[in-house]
Structure formats: structure tokens, C-alpha cells
Amino acid sequence: MDDSFAEARERESGGNGAEERTPGDMILRCVECGCAFPWAVGEQEFYRARGLSTPRRCSYCRKVKRERYALVGADGGQTRW
């Protein structure tokens with residue numbers, strides 16, 4: 001995992017590294033940075049009710065991907081004339 005990912009994730013969590021978990025929470029692994037992240041029971045129910053698939057990225061990597069997508073745009077940055 002890149003140091004910048006770890007530093008940013010620590011800033012987001014308040015720097016203490018502690019995460020509260022309840023029974024039924026799942027621990028998933030991010031396909032981008034490889035970190036383990038919790039998927040809470042409430043989130044699981046939300047995804048299931050809407051027919052969404054299991055998240056593949058942690059919240060930080062999802063945020064980075066959304067920002068990158070917003071900068072480039074849906075067309076991949078290609079101008080069509």
C-alpha cells in the first residue's frame with residue numbers, strides 16, 4: 001500500500017486507527033490499495049435492498065475514483081467534434 005493512501009486514511013479516521021465493529025460486519029479488501037475495510041450490517045442491508053453489488057473499494061479509494069472521474073468526464077477526456 002502506498003504511504004499516501006495510509007496517511008490519508010489515517011487523517012480521515014481521526015488518526016487513532018480504531019474502528020468500531022458490530023457483530024455481522026464484514027471485513028472486505030480494497031482492490032485499489034489492498035487495505036481491509038469494514039462493511040457494516042446497515043450498509044449491507046442498504047446495498048441488498050437496492051440490488052447493488054458488494055463494494056470493491058474502501059471509502060478513500062471510492063472518493064479518489066469519483067474525483068478522478070469528475071475531472072476526466074464520462075467520455076474519458078476525449079473531445080468529440
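The values are calculated or read from the model by the stated rules, or taken from the named source; none is laboratory data. Keep in mind that what you see is a predicted model, and the values were worked out from it rather than measured. Please note: Cβ atoms are built from the backbone with ideal geometry, for glycine as well, and neighbour counts cover all protein chains shown.
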In region 66-81, residues that are at pLDDT below 85 and surrounded by 10 or more Cβ atoms within 10 Å (Cβ to Cβ) total 2
Does region 43-65 contain at least one residue that is at pLDDT 85 or above, exposed (fewer than 10 other Cβ atoms within 10 Å of the Cβ) and on the phi > 0 side of the Ramachandran plot? yes
